[in-house]
Every structure is written in C-alpha cells, then in structure tokens.
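Dropping a structure here in structure tokens format, bear with me for questions.
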Amino acid sequence: MKERIKAEFAQRFGEGGTMYASAGRINLIGEHTDYNGGFVFPGAIDKCIAAQIKENGTETVRVYSIDIDDYAEFGLTEDAAPKAQWARYIFGVCRETIKRGGVVRGFDAVFAGNVPLGAGLSSSAALESCFAFAMNDMYNDNKIDKFELARIGQSTEHNYCGVNCGIMDQFASVFGKKNCLMRLDCRSMEFQYFPFEPKGYKLVLVDSVVKHELVDSPYNKRRESCERVAAKLGIETLRDAEMEDLERIKAEISEEDYMRAEYVIGEKQRVLDVCAALEAGDYDTVGERMYQTHAGMSKLYEVSCEELDYLNDIAKECGVTGSRIMGGGFGGCTINLVKDELYDNFIATAKAKFNEKYGHEPKVYDVIISDGAHKEE
Ligand code: GLA
C-alpha cells in the first residue's frame with residue numbers, strides 16, 4: 001500500500017514528501033461510555049490510513065484518495081469547505097488545528113488505507129489522526145500535545161461531519177501502542193497501558209458486512225438520551241450515576257431513556273471488572289462481561305441488529321469465551337475472544353451459518369494490536 005501511495009504521489013505531484021500513518025482501533029469493552037464520562041478499553045490495530053504529504057507553498061490543499069479514486073482541492077478558510085465527505089475530514093482537521101492557534105499551510109497529499117470501511121474500526125478517526133499528526137509535525141514542531149490531536153479529530157466529526165462522537169476512536173488512533181490496550185477514563189482523561197497478549201486465546205473480529213442506514217442519526221439520539229437523564233439527575237454525565245439514582249427518577253423519564261441509562265451505568269462497571277480480570281488472568285470473567293455488554297447493547301441500548309445478534313448466538317454455541325458487537329453499532333463487527341483450539345471450528349461455523357441465512361459470508365480479521373499515529377521512517 002505504501003509503495004502505491006508513493007508512486008501515485010510522484011506521478012501527480014512530483015518527488016518528495018513525507019509519509020504519515022495512523023491506525024484503526026478495536027475496543028475490548030466500554031462501548032458508548034466515552035461521551036458519558038466513563039471508561040473505554042481500546043487499542044490501535046495493524047490496519048491504518050497512510051498519506052504521503054508535502055508542503056506546496058500555496059494556501060491550497062490538493063489531495064487524492066486512492067481508494068475512492070477522487071481528487072479534491074480546497075482552501076484553508078472556513079468558507080472553502082470541500083463538498084466530498086472524505087475531503088471534509090481533512091478540511092476539518094486543518095480548520096480545527098487553525099482554530100486552536102496552530103499553523104497549517106497548503107500541501108499536496110495522496111492517501112490510502114486498509115481499515116475496512118463501515119466495519120466499526122474507525123477508519124475516519126484513522127484518517128483524522130493521520131492528518132492531525134502530520135500537520136503537527138510539518139508546521140507546528142510537534143507542539144500540539146497528543147490529547148489535543150485527538151480532540152482535533154473529534155471536533156472534526158462534531159463540526160464538519162455531523163457525528164457527536166466521544167473521544168475513544170481518535171484517542172486510540174493517536175495513543176495506540178504495540179501489544180497494549182489502553183484503559184482511558186473519559187472524565188479525567190487519565191489512561192493506562194495494559195499489555196495484552198492473552199496466552200492460549202485469539203482475538204478475532206467477525207464482520208457482518210452490513211451497514212444499516214443511520215436515518216435520523218441514531219448515534220446522536222443515544223447521546224441525547226444519556227444527556228437528558230444526566231440533566232434530570234443534576235449531574236454532568238452518567239459516569240456519576242448509580243442504578244439507585246436512576247430508579248429514583250424512573251417515573252419522570254421515558255422508558256427509552258431509562259433503558260439507555262441502565263445500559264451505560266452497567267457498562268461502566270463492566271470495564272473495571274474486565275481490567276481486574278485481565279490482571280488476574282481470568283479470561284472467563286472477561287468473556288462473560290463481553291456477552292453481557294452484547295446483551296445490553298442489543299436489548300437496552302438498541303444499537304445491534306439481527307445479523308450481529310446472530311453472530312453472537314453462533315459464538316455462544318461454539319463455546320467462544322467472549323463475544324459482542326463492537327463500536328458504535330448498527331452493523332459492523334463482533335469482537336470475539338476465542339480459545340486457540342476452538343478458533344477453526346468457530347470461524348468455519350460462523351461462515352457457513354451466516355452464509356446460509358444471509359447469502360454471504362462474514363469477513364474475518366485477526367486482531368494485532370499495533371502502534372498509533374506516526375511518521376514512517
Ligand atoms: C463510535 C464513536 C465513539 C464511541 C463508539 C461507541 O465509534 O466514534 O466515540 O462512542 O462509537 O463506543
């Protein structure tokens with residue numbers, strides 16, 4: 001991929017430039033908790049977006065996407081936004097950097113990626129983090145700290161792409177470290193690396209390859225539900241709520257908001273349980289919590305779908321230790337913690353059964369926990 005990017009860059013823009021890359025992410029547990037001030041437990045993966053970039057001495061950005069086979073050109077002022085959605089991610093990163101007092105000047109870029117799109121692996125965060133990291137390195141002597149780089153990506157989603165996401169994806173893409181998951185407290189922003197090399201187990205993603213239309217942007221709606229409940233309780237986020245608090249206001253909120261909050265409050269504790277279990281080498285508890293998260297995301301938070309519930313059922317039948325829908329939901333992958341000796345049977349069964357029911361096989365990705373945003377040597 002990197003050779004292709006360099007060749008394409010040379011052909012379009014001439015020699016030179018520097019290559020930057022940033023990764024997609026997985027999340028072991030802690031879903032829809034980031035914007036609730038809770039805990040998440042992600043890691044960067046060996047699938048990334050890479051870009052060859054070079055300053056061009058103008059105030060114009062010229063960029064080509066190999067995967068979409070599309071070219072865009074835009075200025076750096078607020079009124080110069082490009083139309084193409086993919087280019088808005090890059091424009092947003094430039095604008096958010098400038099808004100924070102950072103420097104961005106015109107550049108030429110060619111990029112490509114191998115983060116599967118729509119699989120819940122945060123290809124958009126990888127793209128944002130790649131360019132945020134590059135702008136910091138090229139124009140700002142790396143003075144913008146890494147948390148701010150993650151926030152630049154997050155604000156890009158909020159202000160230029162219409163998704164009121166939390167900080168998890170961009171955080172993971174920027175801070176990722178080989179063989180380590182990271183537990184981030186999204187209220188204090190303190191985090192800790194957890195070496196993650198489970199002996200005798202594999203972590204594997206099973207991609208349903210379905211992406212349900214996000215009519216009425218259900219992601220933002222989930223967030224609004226949580227915010228309504230927090231406001232009712234007079235707290236900033238659901239991080240500070242316990243089940244007793246929720247019970248107290250049950251009659252005053254809608255049934256739907258109650259269910260959303262119930263899930264979030266449960267999920268907060270599950271992340272902590274998983275961290276403790278990992279430290280004790282207790283993978284059964286890790287797996288149990290993963291199944292509980294799936295049930296919560298499916299029945300209470302309602303961000304699963306038939307295909308993902310089916311994959312979860314198959315995992316259970318095959319004796320997989322832990323399995324759950326991963327990421328924002330409404331399609332995408334399940335993440336599965338599988339004993340080595342059960343792996344082949346699980347994958348074969350999932351492929352056959354899914355194919356029988358939906359007419360196509362799911363895709364399978366083995367997870368390799370890798371480094372986050374960086375400059376290629
Ligand atoms: C998406 C968002 C994240 C997070 C997850 C759900 O990936 O971008 O901020 O909320 O959904 O955990």
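Can you find a residue that is closer than 26 Å to Glu262 by Cβ and within 15 Å of the ligand (Cβ to nearest atom) anywhere in region 228-238? Give the steps one after another, and end with the answer.
Residues of region 228-238 closer than 26 Å to Glu262 by Cβ: 228-238.
Add one more test, that the residue is within 15 Å of the ligand (Cβ to nearest atom), and what stays is 237-238.
Yes, region 228-238 contains at least one residue that is closer than 26 Å to Glu262 by Cβ and within 15 Å of the ligand (Cβ to nearest atom).
State which residue pairs qualify: first residue under 9 Å from Val40 (Cβ atoms) and not assigned by TED's automatic domain parsing to the domain that holds Lys268 and inside region 166-187, second residue within 9 Å of the ligand (Cβ to nearest atom) and of a type in the set (Ser, Thr, Tyr) in any location, beta carbons under 7 Å apart, and separation of 6 or more residues or different chains.
Gly166/Tyr35; Cys186/Thr33
Scan Glu361, Glu377, Glu341 and give me the residue that is assigned to a loop (DSSP other than H, G, I, E, B), farther than 30 Å from Ser225 by Cα and out of contact with any helix residue (DSSP H, G or I) (no Cβ under 8 Å at 6 or more places or on another chain). Spell out the reasoning first.
Values: Glu361 fails: out of contact with any helix residue (DSSP H, G or I) (no Cβ under 8 Å at 6 or more places or on another chain); Glu341 fails: assigned to a loop (DSSP other than H, G, I, E, B).
Within the list Glu361, Glu377, Glu341, the selection yields Glu377.
I'm trying to understand the selection: among the residues of region 318-357, which are within 16 Å of the ligand (Cβ to nearest atom) and either among the hydroxyl-bearing types (Ser, Thr, Tyr) or surrounded by fewer than 16 Cβ atoms within 10 Å (Cβ to Cβ) (or both)?
So the first thing to find is which residues in region 318-357 are within 16 Å of the ligand (Cβ to nearest atom), and the list is 324-335.
Thr334, the sole residue that qualifies.
If you go through region 205-231, how many residues are part of a helix (DSSP H, G or I), of a type in the set (D, E, K, R) and buried (at least 17 other Cβ atoms within 10 Å of the Cβ)?
The total comes to 3.
If you don't mind, there's one more thing I want to ask. Return the only residue of Val115, Val93, Val110, Val104 being touching a residue at least 60 places away in the same chain (Cβ under 8 Å) and more than 27 Å from Asn27 (Cα to Cα).
Step by step, each of Val115, Val93, Val110, Val104 is checked, and only Val110 is touching a residue at least 60 places away in the same chain (Cβ under 8 Å) and more than 27 Å from Asn27 (Cα to Cα).
Yes/no matrix, rows are residues, columns are (1) touching a residue at least 40 places away in the same chain (Cβ under 8 Å); (2) under 17 Å from Arg183 (Cα atoms):
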{"site": "Leu246", "(1), (2)": "no, no"}
{"site": "Ile253", "(1), (2)": "no, no"}
{"site": "Glu256", "(1), (2)": "no, no"}
{"site": "Arg260", "(1), (2)": "yes, no"}
{"site": "Tyr263", "(1), (2)": "yes, no"}
{"site": "Asp273", "(1), (2)": "no, yes"}
{"site": "Ala277", "(1), (2)": "no, yes"}
{"site": "Gly281", "(1), (2)": "no, yes"}
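Residues are listed down the side, and each one gets a yes or a no for (1) under 30 Å from Cys305 (Cα atoms); (2) at pLDDT 95 or above; (3) aliphatic (A, V, I, L, M):
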{"position": "Ala51", "(1), (2), (3)": "no, yes, yes"}
{"position": "Glu73", "(1), (2), (3)": "no, yes, no"}
{"position": "Ile90", "(1), (2), (3)": "no, yes, yes"}
{"position": "Leu117", "(1), (2), (3)": "yes, no, yes"}
{"position": "Ala126", "(1), (2), (3)": "yes, yes, yes"}
{"position": "Met135", "(1), (2), (3)": "no, yes, yes"}
{"position": "Tyr139", "(1), (2), (3)": "no, yes, no"}
{"position": "Leu149", "(1), (2), (3)": "no, yes, yes"}
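Tell me which of these Gly332 doesn't satisfy, since it passes every other one: (1) out of contact with any Pro (no Cβ under 7 Å at 6 or more places or on another chain); (2) in a helix (DSSP H, G or I); (3) not polar (S, T, N, Q).
(2)
Scanning for something in the same structural domain as Ala23 (by TED's automatic domain parsing), under 30 Å from His212 (Cα atoms) and in contact with a helix residue (DSSP H, G or I) (Cβ under 6 Å, 6 or more places away or on another chain), does region 131-146 turn up at least one residue?
yes
Any residue in region 147-155 that is crowded, with 19+ Cβ neighbours inside 10 Å and more than 14 Å from the ligand (Cβ to nearest atom)?
The answer is yes; a qualifying residue exists.
In region 161-188, which residues are in a helix (DSSP H, G or I) and either modelled with pLDDT under 95 or near the ligand (Cβ under 10 Å from one of its atoms) (or both)? Steps first, answer last, please.
Keep residues of region 161-188 that are in a helix (DSSP H, G or I), which gives 161, 168-175.
The answer is Cys161, Met168, Asp169, Gln170, Phe171, Ala172.
Looking at Val110, Val103, Val115 in this structure, which one is more than 21 Å from Phe13 (Cα to Cα) and more than 14 Å from the ligand (Cβ to nearest atom)? Quick ask: steps written out before the conclusion?
Details: Val110 fails: more than 21 Å from Phe13 (Cα to Cα); Val115 fails: more than 14 Å from the ligand (Cβ to nearest atom).
Only one candidate passes the filter, namely Val103.
Residues that are within 14 Å of Cys226 (Cα to Cα), at least 3 per element: which helices (runs of 4 or more DSSP H) completely within region 252-327 meet that?
255-279
Pairs needed: first member in region 152-163, under 14 Å from Cys130 (Cα atoms); second member anywhere, within 10 Å of the ligand (Cβ to nearest atom) and part of a loop (DSSP other than H, G, I, E, B); C-beta distance under 6 Å; at least 6 residues apart or different chains.
Short answer, once both residue conditions are applied: Gln154/Ile167.
State whether the residues of region 206-221 include one that is closer than 17 Å to Ile368 by Cα and more than 14 Å from the ligand (Cβ to nearest atom). If you could, list the steps in order and put the result at the bottom.
The initial filter retains those residues of region 206-221 that are closer than 17 Å to Ile368 by Cα, namely 206-207.
Within this subset, residues satisfying the condition of being more than 14 Å from the ligand (Cβ to nearest atom) are 206-207.
There is at least one residue in region 206-221 that is closer than 17 Å to Ile368 by Cα and more than 14 Å from the ligand (Cβ to nearest atom).
Give me a count of the residues in region 1-57 that are touching a residue at least 24 places away in the same chain (Cβ under 8 Å) and away from the ligand (no atom under 16 Å from the Cβ).
Final tally of qualifying residues: 25.
Testing Phe191 on (1) in the same structural domain as Glu341 (by TED's automatic domain parsing); (2) touching an Asp or Glu at 6+ places or on another chain (Cβ under 9 Å), one condition comes back false. Which one is that?
Exception for Phe191: condition (1).
The values are calculated or read from the model by the stated rules, or taken from the named source; none is laboratory data. Predicted, not measured: the structure shown is a model, and the values here were computed from it. All Cβ positions, even for glycine, are placed from backbone atoms using ideal geometry, and neighbour counts span all protein chains on display.
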